[in-house]
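Derivation of every value follows stated rules applied to the coordinates shown; laboratory data play no part. The structure presented is a predicted model; accordingly, all values stated were derived computationally and were not measured. Glycine also receives a Cβ, built like all others from the backbone with ideal geometry; neighbour counts cover every protein chain displayed.
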Amino acid sequence: MSSSADALEGGRSSLKLAADKYRSILNDERTGNIRWRYGGPPIFDTVNKLFEEERTHVWPEGSLEETVQNAIKSWEMELSHKIRLQDFKTINPEKFKLFVNGREGLSAEETLRLGSYNALLKNSLPQEFQYYKPEEESFESSHDAFRSALPRGFAWEVLSVYSGPPVIAFKFRHWGYFEGTFKGHAPTGEMVQFLGLGVLKVDESLRAEETEIYYDPGELFGGLLKGPPISETKTTDTGDNTADKQSCPFTH
């Protein structure tokens, strides 16, 4: 899920952009006619560091596990940072559907409009039991909330792959450190993580046509709501820092 909250950080230099080891399509898109949400391609150095330090598996280069892991990271990158479906390389926009926890599928247009957090956190629980209300959040506000809570990013890894294409079933882990405020709750500094299952249907070009995600949102929010409530006047203002706003959620 990625994304995932991968962090895009620091200043950008068109002359000094290192290749991303996990999102190879980025390495071909430093120039061109891509419409980026924040003005240019993202940089994932911070969350890549967290991923490399704390992942539980190092998959062999070229393995199915590595391929699936990098494909999901690339999809989450596109979803969080590209604003036109015509620029996407990881999905088939005409057929794509996202299904989360058995709910009705979202089209590519709906998923892009909502953003990864809102799309993945939609639920049908009664209002009094909703930890997070996607219908009250915009694309930007949802990303701001998780970027503030998880300043080192929201890392994502594949734990197992059970079947190969065209229908790929896999288990994943999503984690970060609650070191910033979240919805009026003070940070604990502790790891926040959840596990989930995914099923990815791909076409002959390995573009996603359907993505199914199953996970327990309570695992995520149990950690984020653990911190004591704080007054709004004490909540950290994230300001209008352009570099900070280039964060990615669920990826991972």
Point to revise | Debye, to nearest 20: dipole size of region 42-162, +1 on Lys, Arg Cβ, -1 on Asp, Glu Cβ | key: 180 debye
Revision key, fill the gap. Residues meeting the amide H criterion for Asp20 (H placed from the backbone, H to H distance under 5 Å, 5 or more places apart or on another chain) are Asn27
Practice item. Scan around Ala169 for amide H atoms under 5 Å from its own, H built in the peptide plane at 1.01 Å from N, and keep only partners 5 or more places away or cross-chain. Key: Tyr162, Ser163, Leu200
Point to revise | Binned Cα-Cα distances of region 66-169, short to long, each 5 Å bin given as a whole percent | key: 2, 10, 19, 22, 23, 15, 8, 2, 0
Study note, to complete from the structure: Cα-Cα longer than 24 Å, checked against Lys73/Lys95; Lys73/Lys226; Lys49/Lys73; Lys49/Lys122, kept in input order, equals Lys73/Lys226; Lys49/Lys122
Exercise for review: Convert each backbone phi in region 161-176 into a coupling constant with the Karplus relation 6.51 cos²θ - 1.76 cosθ + 1.60 (shift: θ = phi - 60°), then list the ³J(HN,Hα) values in order as whole Hz, x for Gly and Pro.
Suggested key: 10, 9, 8, x, x, x, 10, 9, 10, 8, 10, 9, 10, 10, 8, x
**Study point:** Cα lying deepest toward the dipole's positive end in region 144-212, options His185, Leu197, His174, charges on Cβ
**Key:** His185
Exercise for review: Sticking to Cα atoms, compute the Rg of region 20-79 to one decimal and its Dmax as the biggest Cα-Cα distance, whole number, in Å.
Suggested key: 12.6, 37
Review point. How would you order 197-207, 141-151 from highest to lowest mean count of nearby Cβ atoms within 10 Å?
Key: 141-151, 197-207
Exercise for review: May I ask you to order 100-107, 114-121 by the average number of other C-beta atoms within 10 Å around their residues, highest value first?
Suggested key: 114-121, 100-107
Exercise for review: Kindly rank 133-140, 84-91 from highest to lowest mean number of other beta carbons found within 10 Å of each residue.
Suggested key: 84-91, 133-140
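Find how much the distance from Leu85 to Gln130 grows on full extension, using 0.36 nm per residue of separation minus their present alpha carbon separation; answer in nm with one decimal.
Gain on extension, Leu85 to Gln130, equals 13.2 nm.
Taking N as the number of residues in region 114-202, what value does Rg over Cα atoms divided by 2.2 N^0.38 Å take?
1.24
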Exercise for review: Quote the Stokes-Einstein diffusion coefficient, in whole µm² s⁻¹, for region 114-159, based on the Kirkwood radius over alpha carbon pairs, a temperature of 25 °C and a viscosity of 0.890 mPa s.
Suggested key: 209 µm²/s
Study note, to complete from the structure: Taking placed amide H atoms and a strict 5 Å upper bound, the residues 5 or more places from Glu210 or on another chain that come that close are Lys97, Lys201
**Study point:** region 96-110 - phi-based ³J(HN,Hα) in whole Hz, Karplus 6.51/-1.76/1.60, Gly and Pro as x
**Key:** 4, 9, 10, 10, 10, 6, x, 6, 4, x, 9, 6, 4, 4, 5
